[in-house]
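Encoded as structure tokens, the structure appears first; notes follow it.
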Amino acid sequence: MKLYGSFTSPYVRHCRIALMQSGLDWEMVELDIHGNEAPGTPTLRVPFLEDGALKLTDSTPIVKYVREKAGQVFIPDAQDLDRYCLANTLLDSAINLFLLERSGLDLNANAYTRRQQLRIERILAELDSAPLPQVGELDDADYRVAVGVAWGQFRNRFSIDGRDNLQRLLDIADQDPTFADSAPTISA
Ligand SMILES: N[C@@H](CCC(=O)N[C@@H](CS)C(=O)NCC(=O)O)C(=O)O
């Protein structure tokens with residue numbers, strides 16, 4: 001199967017982690033989402049996945065599909081799924097602000113972008129209060145929070161100073177070979 005994406009995207013990173021852990025046959029096709037060529041997905045976003053006739057356009061169904069195809073589970077617990085969704089909401093706001101700022105918008109001059117900044121801080125506080133996994137026992141909610149927080153540090157989009165649990169989660173995740181091997185290295 002083919003995963004289309006960039007090496008800096010946290011959503012793509014989570015898909016890569018699931019694929020690396022799956023033992024399945026897959027390849028990554030690197031895409032520049034900011035280039036002139038429209039990617040082959042209606043969302044105009046990455047990741048997307050092709051497996052024969054199947055096309056998936058969002059990281060959540062991609063991770064679920066890969067896990068289940070490999071005989072693994074994808075977040076059966078509602079509260080854990082909620083934490084996964086909080087990390088997605090954090091990332092959606094942080095990435096939108098990143099792209100809007102890059103396009104020249106003053107984030108402090110707009111009520112809606114200020115609300116998104118507040119949302120990021122509130123979600124970080126909530127995620128910081130969650131229990132931590134053991135080393136080597138991360139589930140997909142843990143991975144989603146970890147790739148999101150790591151992306152925020154990589155792009156300098158938010159601080160986790162004083163958020164000791166989130167810092168500890170990154171330390172635990174860094175001891176996971178697939179998390180470490182999928183870290184973004186390109187400053188694009
Ligand atoms: N809900 C989507 C979000 C994907 C997403 O926001 N991808 C970003 C890259 S990290 C993107 O392609 N952004 C381009 C744009 O918004 O134009 C998912 O989980 O896959």
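Here are some residues: Arg115, Arg119. Which one is outside any strand (DSSP E or B), open to solvent by 90 Å² or more (accessible area, probe 1.4 Å) and among the charged types (D, E, K, R)? Can you show your working first?
Details: Arg119 fails: open to solvent by 90 Å² or more (accessible area, probe 1.4 Å).
Answer to the selection: Arg115.
Taken together, the criteria exclude Leu19 from residues that are hydrophobic (A, V, I, L, M, F, W, C), away from the ligand (no atom under 11 Å from the Cβ) and in a loop (DSSP other than H, G, I, E, B).
Exactly one residue among Leu19, Leu3, Leu54 is farther than 20 Å from Ala180 by Cβ and either under 19 Å from the mean Cα position of the chain (by Cα) or open to solvent by 10 Å² or more (accessible area, probe 1.4 Å) (or both), and that residue is Leu54. In the set (1) in contact with a Phe, Trp or Tyr (Cβ under 7 Å, 6 or more places away or on another chain); (2) assigned to a loop (DSSP other than H, G, I, E, B), Glu137 fails one condition alone, (1).
For Leu49, the conditions (1) without any contact (Cβ under 8 Å) to a residue 60 or more places away in the chain; (2) in the same structural domain as Ala141 (by TED's automatic domain parsing) are fulfilled apart from (2).
Yes or no, residue by residue, for (1) within 16 Å of the ligand (Cβ to nearest atom); (2) of a type in the set (A, V, I, L, M); (3) over 17 Å from Trp151 (Cβ atoms); (4) crowded, with 20+ Cβ neighbours inside 10 Å:
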position	(1), (2), (3), (4)
Pro42	yes, no, yes, no
Phe48	yes, no, yes, yes
Lys64	yes, no, yes, no
Glu68	no, no, yes, no
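Checked across the stretch 158-165, the condition of being among the hydrophobic types (A, V, I, L, M, F, W, C) and surrounded by 12 or more Cβ atoms within 10 Å (Cβ to Cβ) holds for at least one residue.
The values are calculated or read from the model by the stated rules, or taken from the named source; none is laboratory data. Keep in mind the model is a prediction, meaning the values are calculated, not measured. Cβ coordinates were reconstructed from backbone atoms using ideal geometry, including for glycine residues, and neighbour counts include every protein chain displayed. These area figures cover heavy atoms from the full protein model, side chains too; ligands, DNA and RNA do not enter into them. Shrake-Rupley method; radii C 1.70, N 1.55, O 1.52, S 1.80 Å.
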